[in-house]
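Beneath this line is the structure, given in structure tokens, with notes to follow.
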Ligand code: FES
């Protein structure tokens with residue numbers, strides 16, 4: 001199994017690791033296949049994700065994808081963050097070994113879960129469709 005240089009770089013030195021104590025939204029998701037867990041914290045101001053941190057109890061791919069995915073949504077409007085797909089994350093990492101692609105889904109799902117939590121906590125109305133598994137580009141390749 002070969003990892004790209006980018007994966008190794010993000011695994012060795014992951015960005016945005018940690019916790020936000022006064023987070024506006026927290027998303028926690030687990031991977032049914034391997035039992036790995038990812039938690040993402042977001043701060044939101046005027047619909048923009050001003051800060052994001054993650055904790056992952058997972059494999060190298062899960063850590064690398066969380067690292068780059070959090071980089072990709074930091075400072076971005078929520079609407080853009082919701083459009084982030086695991087495919088885009090994998091591409092940004094110059095690919096993942098096929099058996100590891102399911103790991104990248106965690107980051108996308110955790111971001112969506114954090115946004116949903118933010119909406120719920122603030123009584124913001126949203127289209128439930130946004131958070132349906134079918135709209136999450138979820139690959140059922142577990
Ligand atoms: Fe569990 Fe990668 S093996 S997330």
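When the residues of the range 7-18 are filtered to those that are out of contact with any strand residue (DSSP E or B) (no Cβ under 6 Å at 6 or more places or on another chain) and either at positive phi or in a loop (DSSP other than H, G, I, E, B) (or both), the one that is surrounded by the fewest Cβ atoms within 10 Å (Cβ to Cβ) is 13. With respect to the conditions (1) in a helix (DSSP H, G or I); (2) out of contact with any helix residue (DSSP H, G or I) (no Cβ under 6 Å at 6 or more places or on another chain); (3) within 16 Å of the ligand (Cβ to nearest atom); (4) within 30 Å of residue 2 (Cβ to Cβ), residue 68 lacks only one, and its number is (2).
Is there a residue in the range 51-61 that is assigned to a helix (DSSP H, G or I), within 11 Å of the ligand (Cβ to nearest atom) and at pLDDT below 95?
Step one: filter the range 51-61 for residues assigned to a helix (DSSP H, G or I), giving 60-61.
Filter once more, keeping what is within 11 Å of the ligand (Cβ to nearest atom): 60-61.
Checking the rest, the ones that are also at pLDDT below 95 come to 60-61.
Yes, the range 51-61 contains at least one residue that is assigned to a helix (DSSP H, G or I), within 11 Å of the ligand (Cβ to nearest atom) and at pLDDT below 95.
Has the range 115-123 got any residue that is away from the ligand (no atom under 16 Å from the Cβ), surrounded by fewer than 18 Cβ atoms within 10 Å (Cβ to Cβ), under 17 Å from residue 17 (Cα atoms) and modelled with pLDDT of 95 or more? Scanning the range 115-123 turns up no residue that is away from the ligand (no atom under 16 Å from the Cβ), surrounded by fewer than 18 Cβ atoms within 10 Å (Cβ to Cβ), under 17 Å from residue 17 (Cα atoms) and modelled with pLDDT of 95 or more. Identify, please: which residue in the range 71-107 is touching a strand residue (DSSP E or B) at 6+ places or on another chain (Cβ under 8 Å) and assigned to a helix (DSSP H, G or I) and is, among those, nearest to the ligand (Cβ to nearest atom)? Ranking the candidates gives 106 first.
Does at least one position in the range 28-36 carry a residue that is modelled with pLDDT under 95, part of a helix (DSSP H, G or I) and in contact with a strand residue (DSSP E or B) (Cβ under 7 Å, 6 or more places away or on another chain)? No, the range 28-36 has no match at all. Entry remark, the range 91-111: residues being over 15 Å from residue 37 (Cα atoms) and modelled with pLDDT of 90 or more number 7 in total. Whenever a residue of the range 18-34 is more than 16 Å from residue 45 (Cβ to Cβ) and away from the ligand (no atom under 16 Å from the Cβ), its partners that are modelled with pLDDT of 95 or more and assigned to a loop (DSSP other than H, G, I, E, B), lying with C-beta atoms within less than 9 angstrom and at least six residues away or across chains, give the pairs 26/20.
The values are calculated or read from the model by the stated rules, or taken from the named source; none is laboratory data. Fair warning: this is a prediction, and the values are worked out from it, not measured in the lab. Counting neighbours? That spans all protein chains shown, and the Cβs are built from the backbone with ideal geometry, glycine included.
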